[in-house]
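Notes follow the structure.
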Amino acid sequence: MNNRMTFRIWLIAFFVIATVNLRAQDGTKKLSLQEAINIGIQNSKNLKISKAKIDEATALLQQANDSRLPDFNINGSYLRLNSANIKLVSDSSRGGAGIKINQALYGTATLSLPLYAGGRIKYGIESARFLKQASVLDAENDKEAVIFNTIKAFINLYKSYEAVLLVKENLQSSVSRDRNFSNLEKNGLLARNDFLKSQLQTSNIELSLLDAQTNNKLAMVNMNLMLGLPENTLLLLDTGFMTSKQYLKNFEEYENQALERRKDLQALNFRKKAAVTAIRSANAEAYPVIGLTGGYVAAYVPDFITVTNALNVGIGVKYNLANLYKKNSNLMQANARQTELNANEEILNDAIKSQVNQDYQNYLLNQKKMEVYESAFEQAKENYRITKNKYDNSLVTITDLLEADVALLQSKLNISFAKADAVLAYNKLLQTSGTLSQ
């Protein structure tokens with residue numbers, strides 16, 4: 001009986017452990033930088049908005065194209081009259097009685113086709129086409145922003161992982177040192193005050209680890225939300241992106257690429273073209289509208305009249321005489337819009353040149369920082385080694401040893417973060433030059 005109960009307990013424990021492991025596996029995802037970018041593009045809420053704007057611009061283009069097609073309207077009515085008394089002129093002259101009518105039925109069908117509108121239809125279609133192309137370029141520009149934001153979040157998460165690992169490593173070393181110092185203090189070979197200083201540093205490292213772990217959790221939640229994953233998903237990062245090659249070109253090449261390939265600048269150029277067509281369309285208001293019309297009329301009034309096969313075809317001309325004395329406000333608005341877009345283009349050109357210059361210099365700065373931090377790391381290692389030897393020979397105090405240990409940890413963090421920042425700075429330069437998605 002006891003053996004059977006023990007077997008059941010072990011069996012239950014096995015299923016519990018297996019379930020926990022499966023849940024842990026389900027909540028863990030290995031993630032490379034390229035995979036993160038692909039998921040970010042697929043699930044980006046901003047890109048969904050951009051797609052909706054493209055659909056809206058496409059609908060407006062379709063509406064402009066439909067304006068060239070004929071309009072066909074059908075209208076039918078049934079009227080109930082309140083004892084209407086209808087007299088024909090001939091009957092009135094003879095003093096005849098009128099006709100009592102209490103109902104009427106009629107229907108019409110009209111077809112109208114614009115033949116000439118001064119170019120308004122043509123320019124409207126051109127403007128809608130330019131605006132659609134601008135919305136597509138806006139979406140591509142938003143896509144580059146999504147890619148960079150994903151890279152930035154990925155690198156921030158990587159840095160938070162690195163901070164946790166390095167602080168944990170330092171904490172293990174500090175705890176091991178405390179155990180050694182505890183033995184020395186018990187044997188009277190170490191002052192109580194020096195032992196307390198070592199323990200205090202261990203406590204500070206524990207606090208730093210708590211901060212690092214909190215930052216890591218927040219960075220992971222933000223990354224999951226950005227990618228559209230469950231926010232409690234544990235992401236295991238592929239760090240291969242840290243060893244990717246970075247080929248730096250001349251500054252002039254990046255600037256020229258930015259002026260040629262930046263999607264926001266290209267979108268602005270299409271909006272300028274749309275503004276030009278808007279001016280032409282406004283000028284076309286001074287011309288008449290000519291259209292072809294056709295129709296069919298049928299009517300039936302009991303005991304009075306029946307109309308069938310009443311076909312009609314004609315040409316209509318419409319011209320607003322108010323155009324002769326009213327100012328063309330649409331033309332004024334279109335000219336103002338064009339002036340605004342020209343100024344925006346100049347501002348954007350200057351901003352692009354400034355951004356490329358800033359990001360180029362920032363990348364060079366990060367490269368220099370990496371060299372300095374690598375040198376500082378070697379210096380910190382050597383300083384800790386020398387200080388440790390001196391402390392073992394009672395030539396320096398415990399304070400000097402602890403300070404050397406903190407300096408070594410900081411140098412490790414600095415060089416790790418500098419390498420990640422250099423990758424981020426390089427990708428920022430690619431985004432600014434309009435080549436990130438390539």
Order of 182-192, 306-316, 254-264 by packing, highest average Cβ count within 10 Å first? 254-264, 182-192, 306-316
5 Å is the cut-off here: which amide hydrogens, built 1.01 Å from N in the peptide plane, fall below it relative to Leu235, excluding neighbours closer than 5 in sequence? Lys29
The range 284-428: relative contact order as a whole-number percent, Cα under 8 Å and 6+ apart: 19 percent
One finds the C-alpha centres of the range 363-413 and the range 230-246 to be spaced, in Å, by 28 Å
When the chain is modelled as a GNM with alpha-carbon springs shorter than 10 Å, which of Gly124, Gly240, Gly228 fluctuates the most? Gly240
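With charges only on Cβ, +1 for K and R and -1 for D and E, what is the dipole size of the range 314-438 about its Cα centre, in debye, rounded to 20? Walk me through the numbers before you get to the answer.
Numbers: 14 positive and 14 negative charges, 156 e Å.
In total the dipole reaches around 760 debye.
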Residue of Ala145, Ala407, Ala134 that the Gaussian network model of the chain assigns the largest fluctuation, springs spanning Cα pairs under 10 Å: Ala407
Output ³J(HN,Hα) for the range 346-351: one whole-Hz value per residue in order, computed from phi by the Karplus curve 6.51 cos²θ - 1.76 cosθ + 1.60 with θ = phi - 60°, and x for Gly and Pro. 5, 5, 5, 4, 5, 5
Under-5 Å amide H pairs with Tyr300, H placed in peptide plane, nonlocal only: Leu105, Tyr106, Val307
Distance check, please: which entries in Lys122/Lys428; Lys159/Lys245; Lys245/Lys390; Lys159/Lys390; Lys29/Lys168 exceed 30 angstrom between their Cα atoms? Lys122/Lys428; Lys245/Lys390; Lys159/Lys390
With springs only between Cα atoms under 10 Å, which of Ile74, Ile39, Ile49 fluctuates most in a Gaussian network model of the chain? Ile74
Which label in (i) 1.80; (ii) 1.07; (iii) 1.17 gives the computed Cα Rg over 2.2 N^0.38 Å: (i)
Taking Cα pairs closer than 8 Å and at least 6 residues apart, the relative contact order of the chain in percent is 23 percent
Here the range 314-327 yields Karplus 3J(HN,Hα) values (6.51, -1.76, 1.60; θ = phi - 60°; whole Hz; Gly and Pro given as x) of x, 10, x, 10, 10, 8, 8, 5, 5, 5, 6, 10, 8, 6
Can you compute the charge dipole magnitude of the chain about its Cα centre, using +1 on each Lys and Arg Cβ and -1 on each Asp and Glu Cβ, nothing else charged? Give it in debye, rounded to the nearest 20. 1280 debye
Can you tell me the 0 to 90 degree angle between the C-alpha axis of helix 45-66 and the longest principal axis of the chain, rounded to 10? 20 degrees
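Would you list Glu206, Glu252 from fewest to most Cβ contacts within 10 Å?
Glu252, Glu206
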Charged-residue dipole, Cβ positions (Lys, Arg, Asp, Glu), the range 322-388 about Cα centre, Debye nearest 20: 220 debye
Apply the Karplus parameterisation 6.51 cos²θ - 1.76 cosθ + 1.60, with θ equal to phi minus 60°, to every residue of the range 283-293 and state each ³J(HN,Hα) to the nearest whole Hz, in sequence, with x for glycine and proline. 5, 5, 5, 6, 9, x, 10, 10, x, 9, 10
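Each reported figure results from applying straightforward, stated rules to the coordinates on display, with no laboratory input. Note that the structure is predicted; figures quoted are calculated from it, not measured. When we count neighbours, we look across all protein chains shown, and the Cβ atoms used for this are built from the backbone with ideal geometry, even at glycine.
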